[in-house]
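These notes concern the structure reproduced below.
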Amino acid sequence: MISFFKKKKDDEISVDINPEKKMGVIKSIFTQKKLDEQTLEDLEDLLIMSDMGLKAANKIIMNFSKRRVDKKSTDDEIRKELAIDIEKILTPCEKPFKIDQTQKPYVVLMIGVNGAGKTTTIGKIAAKLKSQGLKVSLIAADTFRAAAVEQLEVWGQRNDIRVFHGDNGCNSAGLTYDGINEAIKQKDDVVLIDTAGRLQNKTHLMEELKKIVKVIKKTLPDAPNSTLLTLDATTGQNALEQVKVFKEAMDITGLIVTKLDGSSKGGVLIAIAEETKTPIHFIGLGEGIEHLTNFSAKIYAEKLVGF
Ligand SMILES: Nc1nc2c(ncn2[C@@H]2O[C@H](COP(=O)(O)OP(=O)(O)OP(=O)(O)O)[C@@H](O)[C@H]2O)c(=O)[nH]1
Ligand SMILES: [Mg+2]
């Protein structure tokens, strides 16, 4: 869904919802409009509707009004100004995902709530790393969900890489321990660990993840080298809450935000950047292997305002 300003009469502005399937949220379609208080309020509503949260929306509107109020601005001028402000908030979080090849195997732990897109994103990242000439393998440490191993194996086959797994219901920490040692034996450059998203409750999930980290460290004290939190953008403000909760329990090194295709809640990244300052590596824009893009603050800000 994309929300945008719709010109009603010459001077009247209304907010419209458009189910267009693109990443892009705020489109203001009006020209030579005096940027008065009502317009600023409408703009703020739109920002809040994109799920960036009150705090970030207020800050942007405050900056914006100082510079623009009472000026006659075109639609494109307003969008450009907005994009600049949004980019400024996002830029400190723009951090490309890089493998340190002195760490071998470089261990990537993928975490996140159920359905966030962990397994899919592992498949996509594995493809990228493999195309860089790295030897990659996967560990299927989601031993809870029946189809989890099969799902990861499909990604393994697609990428023609090894998937280390046990039987469904086996101990995920024990399996990870064996998987890490196998990766060392096989001289893998990178090993990506897929974990469960759902356990009985949050405490169980965090305990499980901590156990996995502990067994990795038994063999490789500096690992995991990256701990990536996958977030589903369509959950909006809840994604911000997830970052806070996971950060309390784990050393998150970076974020991946999925399902931005067709989501109108992309604004939540601004709230996450503003409040948690966590590095953002990738955004997911579809289910396909190629639908993972490096996060760019500039491009993201521009898309969000509808460029
Ligand atoms: N449209 C869209 N769908 C996505 C994206 N990323 C993942 N998905 C879909 O989201 C669904 C859940 O993805 P999974 O990778 O299974 O999520 P998970 O976090 O591993 O889930 P659990 O293993 O149940 O915890 C699947 O149908 C994916 O195809 C994305 O960027 N865009
Ligand atoms: Mg999964």
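Bear in mind that the values in this text are calculations on the coordinates, not laboratory data. Keep in mind that what you see is a predicted model, and the values were worked out from it rather than measured. So basically every Cβ, Gly included, is an ideal-geometry build from the backbone, and we count neighbours across all protein chains shown.
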Please find, in a Gaussian network model of the chain (springs between Cα atoms separated by less than 10 Å), the residue of ILE125, ILE283, ILE193 whose mean-square fluctuation is greatest. ILE125
With an 8 Å cut-off on Cα pairs and a minimum separation of 6 or more residues, tell me the relative contact order of the chain in percent. 27
When the chain is treated as a Gaussian network with springs between alpha carbons less than 10 Å apart, the largest mean-square fluctuation among PRO92, PRO105, PRO279 is found at PRO92
I want to verify a result. In a Gaussian network model of the chain, Cα cutoff 10 Å, which of these has the top mean-square fluctuation: ASP232, ASP261, ASP100? ASP100
Calculate the dipole size of the chain relative to its Cα centre from +1 charges on Lys and Arg beta carbons and -1 charges on Asp and Glu beta carbons; express the result in debye to the nearest 20. 560
For each of LEU231, LEU209, count neighbouring Cβ atoms within 10 Å of the residue's Cβ, then give the residues from fewest to most. LEU209, LEU231
Antiparallel DSSP beta bridges within the chain, as percent of all bridges there, nearest 5: 30
Overall form of the range 175-269 per C-alpha gyration tensor (a/c, 1.5; a/b vs b/c): prolate
On a 18 Å Cα-Cα criterion, which of the cross-link pairs LYS98/LYS135; LYS98/LYS218; LYS98/LYS210; LYS95/LYS210; LYS130/LYS187; LYS72/LYS298 come out too long? LYS98/LYS218; LYS98/LYS210; LYS95/LYS210; LYS72/LYS298
Which net charge results for the neighbourhood of ASP189, defined as the other residues with beta-carbon distances under 10 angstrom from its beta-carbon, given Lys and Arg at +1 and Asp and Glu at -1? +3
Once R0 is set to 35 Å, what does the formula 1/(1 + (r/R0)^6) return for the Cβ-Cβ distance between LYS214 and GLU290, expressed as a FRET efficiency to the nearest 0.05? 0.50
Can you tell me how much longer the chain between ILE84 and ASP42 gets when fully stretched, taken as 0.36 nm per residue apart minus their C-alpha distance, in nm with one decimal? 13.2 nm
The chain: mean projected area of Cα convex hull, nm²: 15.6
